[in-house]
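**Q** Pasting a structure below so you can have a look.
The values are calculated or read from the model by the stated rules, or taken from the named source; none is laboratory data. Values in this document were obtained by computation on a predicted structure and should not be read as measured data. Quick reminder, even Gly has a Cβ in these numbers, built from the backbone with ideal geometry, and neighbours come from all protein chains shown.
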């Protein structure tokens with residue numbers, strides 16, 4: 001039996017994986033035959049670092065999308081997404097909000113007659129006036145890991161002030177709004193100060 005797709009490699013963000021799982025459960029050998037994949041094809045022409053995270057389709061609602069992108073924006077690797085073309089501007093607005101400082105490649109209809117690419121710095125990317133049709137694969141470049149040297153004394157004073165009024169989680173988020181510091185580093189610092197206060 002063969003599972004064939006006319007839209008790139010099947011089983012990635014595709015219900016065909018249900019069939020694969022059933023084959024595995026029943027001891028049926030599954031053999032891949034390489035074909036065009038928009039994931040590897042778009043990465044190969046992006047020029048971005050090749051350590052990457054493939055997420056698949058992003059959430060469609062604003063609240064869920066913000067939660068997802070908040071988490072993903074802390075990841076330093078190149079990231080690959082699928083998005084529906086009719087909601088491209090919706091996603092562009094959110095990419096600008098969470099991935100400032102990175103570059104973006106939007107690949108349309110890879111390996112097909114209407115193949116095209118949009119390359120831009122995310123901060124300079126503008127919403128499109130004309131609707132876009134076709135399958136879109138979005139690649140966002142790796143995160144620059146250079147961190148600004150921060151004034152620890154000033155940050156500690158802010159944390160102590162915020163912890164008097166807010167929860168640990170809210171304090172971390174408030175600090176991140178003004179300080180370009182690794183989230184884990186801020187969380188650990190807040191936790192340490194909170195524990196010292198309670199001991």
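**Q** Please go through (1) at pLDDT 95 or above; (2) under 30 Å from residue 191 (Cα atoms) for residue 138 and return the number of the only condition it doesn't satisfy.
**A** Among (1) at pLDDT 95 or above; (2) under 30 Å from residue 191 (Cα atoms), residue 138 violates only (2).
**Q** Would you confirm, using the coordinates I've provided, whether residue 178 is free of Cβ contacts under 8 Å to residues at least 24 places away in the same chain, surrounded by 16 or more Cβ atoms within 10 Å (Cβ to Cβ) and out of contact with any strand residue (DSSP E or B) (no Cβ under 8 Å at 6 or more places or on another chain)?
**A** No.
**Q** Then there's this: What single numbered condition from (1) assigned to a loop (DSSP other than H, G, I, E, B); (2) touching a strand residue (DSSP E or B) at 6+ places or on another chain (Cβ under 9 Å) fails to hold for residue 106?
**A** Evaluating residue 106 over (1) assigned to a loop (DSSP other than H, G, I, E, B); (2) touching a strand residue (DSSP E or B) at 6+ places or on another chain (Cβ under 9 Å) leaves (1) as the failure.
**Q** Could you run through the stretch 82-112 and say how many residues are without any contact (Cβ under 8 Å) to a residue 40 or more places away in the chain and within 14 Å of residue 136 (Cα to Cα)?
**A** 9
**Q** Does residue 74 count as farther than 26 Å from residue 14 by Cβ and touching a helix residue (DSSP H, G or I) at 6+ places or on another chain (Cβ under 7 Å)?
**A** yes
**Q** Going by what's in this entry, would residue 144 be described as exposed (fewer than 14 other Cβ atoms within 10 Å of the Cβ), within 22 Å of the chain's Cα centre (by Cα) and more than 19 Å from residue 186 (Cβ to Cβ)?
**A** So residue 144 fails the test.
**Q** Another question, then. Across the stretch 51-68, which residue is surrounded by the most Cβ atoms within 10 Å (Cβ to Cβ) among those that are touching a helix residue (DSSP H, G or I) at 6+ places or on another chain (Cβ under 9 Å) and assigned to a strand (DSSP E or B)?
**A** Checked the stretch 51-68; the qualifying residue surrounded by the most Cβ atoms within 10 Å (Cβ to Cβ) is 52.
**Q** Please state which one of 119, 102 is under 16 Å from residue 79 (Cα atoms) and surrounded by fewer than 18 Cβ atoms within 10 Å (Cβ to Cβ). Let's see the steps before the verdict.
**A** Values: 102 fails: surrounded by fewer than 18 Cβ atoms within 10 Å (Cβ to Cβ).
119 is the lone residue from the list that is under 16 Å from residue 79 (Cα atoms) and surrounded by fewer than 18 Cβ atoms within 10 Å (Cβ to Cβ).
**Q** Would you say residue 170 is assigned by TED's automatic domain parsing to the domain that holds residue 84, over 17 Å from residue 83 (Cβ atoms) and surrounded by 11 or more Cβ atoms within 10 Å (Cβ to Cβ)?
**A** No.
**Q** Give the residue that is nearest to residue 70 (Cα to Cα), with candidates limited to residues of the stretch 99-122 that are touching a helix residue (DSSP H, G or I) at 6+ places or on another chain (Cβ under 7 Å) and modelled with pLDDT of 95 or more.
**A** The residue in question is 99.
**Q** Out of everything in the stretch 69-99 that is part of a loop (DSSP other than H, G, I, E, B) and touching a strand residue (DSSP E or B) at 6+ places or on another chain (Cβ under 7 Å), what residue ends up being surrounded by the most Cβ atoms within 10 Å (Cβ to Cβ)?
**A** For the stretch 69-99, the residue satisfying everything is 99.
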